[in-house]
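Every number here is computed from the coordinates shown, using simple stated rules; none is lab data. Since the model is a prediction, treat every value here as computed from it, not as a measurement. Methodologically, a virtual Cβ is constructed for each residue, glycine included, from the backbone with ideal geometry; neighbour enumeration extends over all protein chains shown.
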């Protein structure tokens, strides 16, 4: 990947990608960043030695890849001063909710990949869903994969509407984990543990269980059954959850997230 890469938006997600690419050996001089906020520009300079630009300009000409890391509500506005300078470039959007068709229209290009990362990408442990428009080549996909690999794992979906499900499962997913961590910590303190100990027990349990699930070829139902002895403590907890219809309620919550992802796409993608 020898092309220069431009980032439109230089916040946390852009910094995560840039940091990962620099660790892979890319020089800071291979990045062009447009970031309107002075504090964020200074952070890029302090951390990576990158001098970011307040506004788009001719320095963007010739970049091979443009990573759109703007806020969804400012995406369309941000394309106006950029598009004339990036004719022929490949575009990767990490902005939530913006349909690829809108991006293609605003930029006048079909070489658009839309992604849905999540916040663990900030530490290289993210999960990113990817969708490519028809103008994206196999070589383009390889380039995109080399970039998103800096954030963690990724997968391609065949239909763009599936990104709404990706958003519901993994995009919003870290918040669900944090929600359960809150509940487990609270319950632990009610049972007499110091909050710090309860929190550590909860975090390490999530980490270990996730690692075990990833390393195992068996489905989660089997893994769950192996730690559930009838009449035991785990059985008591799971029976209580089933009586409260927790699985159905959790599924209902994810469907709500999926619907909202679709609504935001319609809202942010308007011309």
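Some notes on this structure:
- The range 173-263 - Kirkwood radius from inverse mean 1/r over Cα pairs (Å): 15.1
- Note on residue 149 and residue 191: with the Förster distance fixed at 51 Å, the Cβ-Cβ geometry gives a FRET efficiency of about 0.75.
- From the largest down, the range 5-163 spans 40, 34, 28 angstrom on the principal axes of its Cα atoms.
- Calculated [222 nm] ellipticity per residue, helices only, for the chain: -15000 deg cm²/dmol; basis is -39500 (n - 2.57) per DSSP H run with n ≥ 4, divided by all residues, nearest 500.
- Whole-Å semi-axes of the chain's equivalent ellipsoid (Cα gyration tensor): 39, 21, 17
- Relative packing of 98-108, 36-46, 189-199, 171-181, which averages over residues the other C-beta atoms within 10 Å, highest first: 98-108, 171-181, 36-46, 189-199
- When peptides 212-223, 232-243, 51-62 are ranked by their average number of other Cβ atoms within 10 Å per residue, the highest-first order is 51-62, 232-243, 212-223.
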